[in-house]
Structure formats: C-alpha cells, structure tokens
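One structure is given below, encoded as structure tokens.
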C-alpha cells in the first residue's frame, strides 16, 4: 500500500506477466474543505507559498517528516508487514494506518474465514463506520447489503459508502473474495502540513497546484 504526497510525480510498472491491479484513490480531504479553499483563494500565490515555506520550516525535523526516511514523497507498507485479525465475522488486515497530517486515512483488507468462504452465510449489515469509505472488490463476487439495498458485486466493482451507513458483506458463491476499504476521515488533519509536504517533495509548482486546482484531482 502506497501513500503519495499530493502532486508528486510517479508511475507504476509490473515485473512479471501476471495480472496486476492499481487502485488509486484521490482524496482531497481537509484540502477540499470550504474554509481552507476560501482562505487560499484569497491569497496571492506568493502569500500562499510563503505560508507553506513557514510551515515547512516548522515541521522539517518533526515526526511526520521523519516517516519518509529519505523517500521522494511516498510511504510504502508491504503486504507481509501486517497480518489478518478477527473482526466480527471477517478477517481484517490493516494495510495503512494513517498518513502524515492525515491520521484518519486508513486502508484495510477484509476477507472471510475458510468456514465462511465454503458455506452459505447470512447477509447482515454488521459494519458501521464513522467515516466515508471507498470499496473495491477482488477475486470473487460478494453480496453487499445496506439498509434496503441488496446486490451481488462482481470482482472489479467499486462503491462509496457514506459515514454511519450500516452495511455488510458476505461471499456470493464459493470462492475467496477480498474487499479493499479505503477509510477517509479528515478529522484532525492538518491542511498546511499537507501543503508543506507537497512543497518539500513536489516543489513550488506542485504545491501551487493545491491553490490553483479547486476541483477534485481525478477530474
């Protein structure tokens, strides 16, 4: 699992002929909140960069910057570094627990114990999170239920679940599905800390794009 500082140039490649997946989630979070956008739109670019440089001086020797260990603006968590733990009827593996200045940015993988993947399971909305989620389905179909909605999601399906919506998943047939959950909560995030990271790793041109781009980065 990778975290990439906003506007740091990057690319992905694969080393074998095997099928590979890249699931990218662009999440403005606190950088997209109205108060912050109004603030930076009222600044000149020089004023914006001056404030970003002041924040960078403040954090340059701090714990969030040290997390990068000399990397060019990316954090990598290897799959083998975490193991699945019981989480209700699921097995839950935390792939990334927080990003610099975004402690509520969490990524998890949900799978099912062997006894559930090879048997019928009762569909129950047994999950409820106080944050927005982006979901991606891998390997095998799952049944998704939320409120009055009940549907089978094929591999490659994705969806967004709003905060505090009770929902649940179960295997739709014999197989071993994986459910990737990107949990996005911008509470306690530091917008200027993120801007300073962009200045450090993407330069002034990269940081300035935060001010210039008011639309979602995927548009």
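Using a Gaussian network model of the chain in which every pair of alpha carbons under 10 angstrom is joined by a spring, one finds that among 14, 53, 176 the greatest mean-square fluctuation is at 14. A Förster radius of 30 Å, combined with the Cβ-Cβ distance separating residue 130 from residue 67, puts the computed FRET efficiency at roughly 0.75. Compared with the dominant principal axis of the Cα atoms in the chain, helix 191-212 is inclined by about 70°. Site pair residue 87 and residue 157 shows an inter-label distance of 1.9 nm when each label is modelled 7 Å from Cα along Cα→Cβ. Of all DSSP beta bridges in the range 79-184, what percent run antiparallel (nearest 5)? Here the antiparallel bridges make up roughly 100 percent for the range 79-184. Across the range 79-184, Cα pairs under 8 Å and at least six residues apart give a relative contact order of 31 percent.
Looking only at 76, 30, 94, which one moves most when the chain is put into a Gaussian network model with springs between Cα atoms under 10 Å? Per the Cα network of the chain with a 10 Å cutoff, 76 tops the list. Across the chain, Cα pairs under 8 Å and at least six residues apart give a relative contact order of 28 percent. In terms of other Cβ atoms within 10 Å, 86, 158 run from fewest to most in the order 86, 158. Counted by neighbouring Cβ atoms within 10 Å, the residues 144, 7 run from fewest to most as 7, 144. Of interest is the spacing of the C-alpha centroids, which for the range 1-16 and the range 154-179 amounts to 26 Å.
What the Cα convex hull of the chain gives, in volume per residue, is 143 Å³.
Based on DSSP H segments of at least four residues, each scored -39500 (n - 2.57), the chain has a per-residue ellipticity at 222 nm of -7000 deg cm²/dmol.
Estimated translational diffusion coefficient (Stokes-Einstein, Kirkwood radius over Cα pairs, 37 °C, 0.692 mPa s) of the range 79-184: 234 µm² per second. Across 170, 151, 189, mean-square fluctuation computed from a Gaussian network of the chain (C-alpha pairs under 10 Å connected) peaks at 151.
All of the numbers you see were taken from the coordinates with simple rules; none came from a lab. Since the model is a prediction, treat every value here as computed from it, not as a measurement. Here the Cβ is made from the backbone with ideal geometry for all residues, glycine too, and neighbour counts use every protein chain on show.
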